[in-house]
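Scroll down for the structure; my scribbles are underneath it.
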Amino acid sequence: MMSCRSEIIATIRAERKRRKITIKQIAEATGVNEMTISRWERGHGSPTLSTLLVVMDYLGLTLEVRGGGV
């Protein structure tokens, strides 16, 4: 079973790919390190909730989209 953070990261990745946004673009817009985002998407490391929210906000995602919360 995936953790809530893993599910959120999977949603972020799917939305990024759907919109054809690069990791570099997200990094530049949010101030989150490019390699850090790449590591999350590959299942390495665990971002803080506040960092996830910054990236989600950039992509226009909300926790409600995730089924009501974390």
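The values are calculated or read from the model by the stated rules, or taken from the named source; none is laboratory data. As the structure is a prediction and not an experimental result, all values here were calculated from the model. Heads up, the Cβs are rebuilt from the backbone with ideal geometry, glycines too, and the neighbour counts pull from every protein chain shown. When the accessible area is computed, the model is the full protein with side chains, heavy atoms only, and any ligands, DNA or RNA have been set aside. Shrake-Rupley method; radii C 1.70, N 1.55, O 1.52, S 1.80 Å.
Relative contact order for the chain using alpha-carbon pairs under 8 Å, separation at least 6, rounded to a whole percent? Normalised by residue count, the contact order of the chain is 36 percent. Think of the chain as having a plus end and a minus end, set by charges on the Cβ of Lys, Arg, Asp and Glu; of LEU61, SER6, THR22, THR22 sits farthest toward the positive end of this dipole.
Measuring r between the beta carbons of ASN33 and THR62 and using R0 = 25 Å, the FRET efficiency lands at 0.60. Per residue, the chain exposes 64 Å² of solvent-accessible protein surface, assessed with a 1.4 angstrom probe and all protein chains in place. Of the trypsin sites (Lys or Arg not before Pro) found in the range 1-58, those in coil by DSSP whose Cβ has at most 15 other Cβ atoms within 10 Å are ARG19, LYS20, ARG42.
Among the listed values [x] 1.43; [y] 1.13; [z] 0.99, the one computed from these coordinates for Cα Rg over 2.2 N^0.38 Å is [z].
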